[in-house]
1. Once R0 is set to 25 Å, what does the formula 1/(1 + (r/R0)^6) return for the Cβ-Cβ distance between ARG398 and ASP325, expressed as a FRET efficiency to the nearest 0.05?
2. Per DSSP helix of 4 or more residues, -39500 (n - 2.57); summed, then divided by the residues of the chain. What does that give at 222 nm, rounded to the nearest 500?
3. How big is the gap, in Å, between the Cα center of region 415-433 and the Cα center of region 95-122?
4. If exposed means no more than 11 neighbouring beta carbons inside 10 Å and the site is in a DSSP loop, what's the longest run of the chain without any exposed trypsin sites (Lys or Arg not before Pro)?
5. Can you give the net charge of the other residues whose Cβ lies under 13 Å from the Cβ of ASN374, counting K and R as +1 and D and E as -1?
6. Taking LYS233 as the anchor, which lysines have their alpha carbon closer than 28 Å to its alpha carbon, excluding any fewer than eight residues away along the same chain?
7. Any idea what the alpha-carbon Rg over 2.2 N^0.38 Å comes to for the chain?
8. Rounded, prolate or oblate, given the Cα gyration tensor of region 6-156, with a/c below 1.5 counting as rounded?
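What follows draws every value from the coordinates through simple rules; no lab data is involved. If you're wondering where the values come from, they're calculated on a predicted model, not measured in any experiment. Positions of Cβ are backbone-derived with ideal geometry, glycine not excepted, and every protein chain shown enters the neighbour counts.
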Amino acid sequence: MADFSLEMSAERIVIAQTKEYFAEVLRCYQSESYRSAVVMLWSVVVCDILFKLQEIETQYSDAIASQILDEVRKFQISSPNSPEWEQKLLRRVKERTHLLDPGDFENLNALLAHRHLSAHPVLTSTDILFAPNRETVRSHIRNALEGVLTKPSIMTKRVFDAFVEDLELYGERFPDEASLAKYLNAKYLSRSLVYVEQGLFRSLWKLVFRSRDPRCETNRTVNFRALNILYKKKRESFRSAIENERDYYSDVDLSGTAFTLLINFVADYPEVFDLFNDAAKTPLETAATKDLDAFAFAWFLDSTVSGHLGRVKDRIQKGGQVLDDAAFKHLYDRAQENGLRDQALDIGIQQFRCSSSFDMANNSYERFIEPYLNEFSATQLESIAKAIDENGQIHGRRRARTDHAAIKPLLDEAFNGKFKYEDFPNFAETVGKQPAVDQLADDDIPF
């Protein structure tokens, strides 16, 4: 494991003015002026906290930040020569914001103690001024960087309020998951504390899957996207959180978009289903069997991906149901992730084979066959030819010749020019392939 770099970590300091002040701390440390480094480091920490409080007071009209700053100003006015306000500031920030966890708070108290010893003579000591060693100073600098200086200003605000307000205002600017994840990681998640992330996830869960007020409904989709990003970031951690509060996470709205999104979430993360109590499990099982599209997402009903793909194919074959684009894309992506792409393609072929009208055949060809022509195996291409040959709604449609012309060269290549068109006469007719004269017996020649 590489050694921790003070210089590289310093580049991640959030406030520009803090970064400028911190450069002096590093210069003192590098020149072995350890006492000066400790004194300056404490001042930089205090300044950084003040900068962050001022920033969110200005940008977010944050009441807590305003209260802390007002208390500091009043104390400074009443006791202009006392440095005690710095310790009060530290305590208030720890009690009222999410900037400091208990460990950070204790580390900064240790820094404050060494700062006092380094700055004030002690007549009862052999060394009148405290002389910290290199290792101690380095430890203080690292703790300050990780505990305060590299954390975003927003951590001094009630994070959940800021988080959902941000999603509401700017979420639509990030239409795909990658861009939204990049934004949220940069602004909130890259330096957030574990318990803050746990709180975000717990509160978002309620907004997405339980709350019914109009504002929640308006923002449900973007909040759901953020919930997905959080869960994917620390899957095991949030899985444990759900398991530890089974009843809380099982209390969900069983209607509308909230329930639809819950089905989608459990489809993406099937392990969550077993963590629910029956209040959530039973409705999910019922909804999953209601129609084919819902069933396609219900991976939690089967122990293996392959088994679930097989059951979807069976339902198509038996019931004549049709997958919508989102459901098939979901099946295809999950199958491909698990090395089972051919099973997903077989489902598309089955859907095509079961076409019960010309329009359905046209639609199925466009959705399940044409986009994947270059992915089908030789066996699957033959299966498509057979499906066409056996179903009059497919080979009898007006577009048959145009569509099937794209299949013929692929069959010729896959079978090295030896595909037996004569075994599939209806398909052969749509691609203009007739039995060759030299294949006919002499007695069959009509003259």
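1. 0.60
2. One gets -20000 deg cm²/dmol as the mean residue ellipticity at 222 nm.
3. Value for the Cα centre distance between the two parts: 83 Å.
4. So the longest stretch without any such site is 1-211.
5. So the surrounding residues net to -2.
6. Counting by Cα, and skipping residues close in sequence, LYS233 has these lysines nearby: LYS52, LYS94, LYS151, LYS157, LYS182, LYS187, LYS206, LYS281, LYS329.
7. 1.48
8. Taking the square roots of the gyration eigenvalues as a ≥ b ≥ c, region 6-156 is oblate.
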